[in-house]
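Single-structure report; data block below.
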Amino acid sequence: MKLGYGVTLSAIPVFGLQALFALLATRLSPYLTTAFLSELTAIGGVFMLCIGINLLEIKTANFLPALLGSLVMLWI
(Lines give C-alpha, C1' and ligand atoms only; values in the text may rest on other atoms or scores of the structure.)
Protein backbone atom coordinates (compact mmCIF):
# COMPACT_ATOMS: atom_id res chain seq x y z
CA MET A 1 0.00 0.00 0.00
CA LYS A 2 1.46 3.25 -1.09
CA LEU A 3 -0.49 5.63 1.17
CA GLY A 4 -0.71 3.44 4.23
CA TYR A 5 -3.35 1.74 6.29
CA GLY A 6 -4.69 4.94 7.81
CA VAL A 7 -5.83 6.25 4.44
CA THR A 8 -7.44 2.93 3.59
CA LEU A 9 -9.25 2.70 6.92
CA SER A 10 -10.43 6.31 6.71
CA ALA A 11 -12.53 5.33 3.69
CA ILE A 12 -15.01 3.58 5.99
CA PRO A 13 -16.12 6.64 8.04
CA VAL A 14 -16.00 8.85 4.95
CA PHE A 15 -18.37 6.47 3.16
CA GLY A 16 -20.63 6.42 6.20
CA LEU A 17 -20.80 10.22 6.39
CA GLN A 18 -21.46 10.57 2.68
CA ALA A 19 -24.23 7.97 2.87
CA LEU A 20 -25.75 9.81 5.84
CA PHE A 21 -25.69 13.12 3.95
CA ALA A 22 -27.27 11.50 0.89
CA LEU A 23 -30.06 9.97 2.98
CA LEU A 24 -30.69 13.27 4.76
CA ALA A 25 -30.79 15.10 1.45
CA THR A 26 -33.44 12.76 0.08
CA ARG A 27 -35.53 13.18 3.25
CA LEU A 28 -35.22 16.99 3.24
CA SER A 29 -35.72 17.56 -0.49
CA PRO A 30 -39.53 17.98 -0.31
CA TYR A 31 -39.12 20.81 2.22
CA LEU A 32 -36.46 22.81 0.37
CA THR A 33 -37.75 25.65 -1.75
CA THR A 34 -35.95 27.25 -4.66
CA ALA A 35 -35.58 30.46 -2.64
CA PHE A 36 -33.85 28.55 0.14
CA LEU A 37 -31.50 26.80 -2.28
CA SER A 38 -30.70 30.09 -4.02
CA GLU A 39 -29.87 31.69 -0.68
CA LEU A 40 -27.69 28.77 0.31
CA THR A 41 -25.87 28.88 -3.04
CA ALA A 42 -25.22 32.61 -2.66
CA ILE A 43 -23.81 32.11 0.83
CA GLY A 44 -21.54 29.34 -0.47
CA GLY A 45 -20.25 31.68 -3.18
CA VAL A 46 -19.43 34.35 -0.60
CA PHE A 47 -17.64 31.75 1.53
CA MET A 48 -15.55 30.69 -1.47
CA LEU A 49 -14.70 34.32 -2.17
CA CYS A 50 -13.59 34.76 1.45
CA ILE A 51 -11.44 31.63 1.27
CA GLY A 52 -9.74 33.05 -1.82
CA ILE A 53 -9.16 36.37 -0.08
CA ASN A 54 -7.74 34.56 2.95
CA LEU A 55 -5.33 32.70 0.65
CA LEU A 56 -4.04 36.10 -0.41
CA GLU A 57 -3.40 36.72 3.31
CA ILE A 58 -5.90 39.58 3.49
CA LYS A 59 -7.92 39.55 6.72
CA THR A 60 -11.65 38.88 6.38
CA ALA A 61 -14.40 38.69 8.97
CA ASN A 62 -15.86 35.47 10.29
CA PHE A 63 -18.85 34.79 8.03
CA LEU A 64 -20.20 31.71 9.82
CA PRO A 65 -22.74 33.77 11.83
CA ALA A 66 -23.91 35.24 8.52
CA LEU A 67 -24.83 31.76 7.35
CA LEU A 68 -27.21 31.21 10.25
CA GLY A 69 -28.52 34.77 10.18
CA SER A 70 -29.39 34.74 6.50
CA LEU A 71 -31.12 31.37 6.75
CA VAL A 72 -33.19 32.57 9.70
CA MET A 73 -34.13 35.75 7.83
CA LEU A 74 -35.20 33.67 4.85
CA TRP A 75 -37.64 31.70 7.00
CA ILE A 76 -39.10 34.84 8.66
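The values are calculated or read from the model by the stated rules, or taken from the named source; none is laboratory data. None of the values given here were measured: they were computed from a predicted structure. Methodologically, a virtual Cβ is constructed for each residue, glycine included, from the backbone with ideal geometry; neighbour enumeration extends over all protein chains shown.
Note on the range 17-66: residues that are among the aliphatic types (A, V, I, L, M) and within 15 Å of the chain's Cα centre (by Cα) total 15. Annotation note: Cβ proximity below 9 Å between a residue of the range 30-41 that is in the same structural domain as Met73 (by TED's automatic domain parsing) and under 15 Å from Gly69 (Cα atoms) and a residue that is in a loop (DSSP other than H, G, I, E, B) and not basic (Lys, Arg) (sequence gap 6+ or interchain) occurs for Leu40/Leu32.
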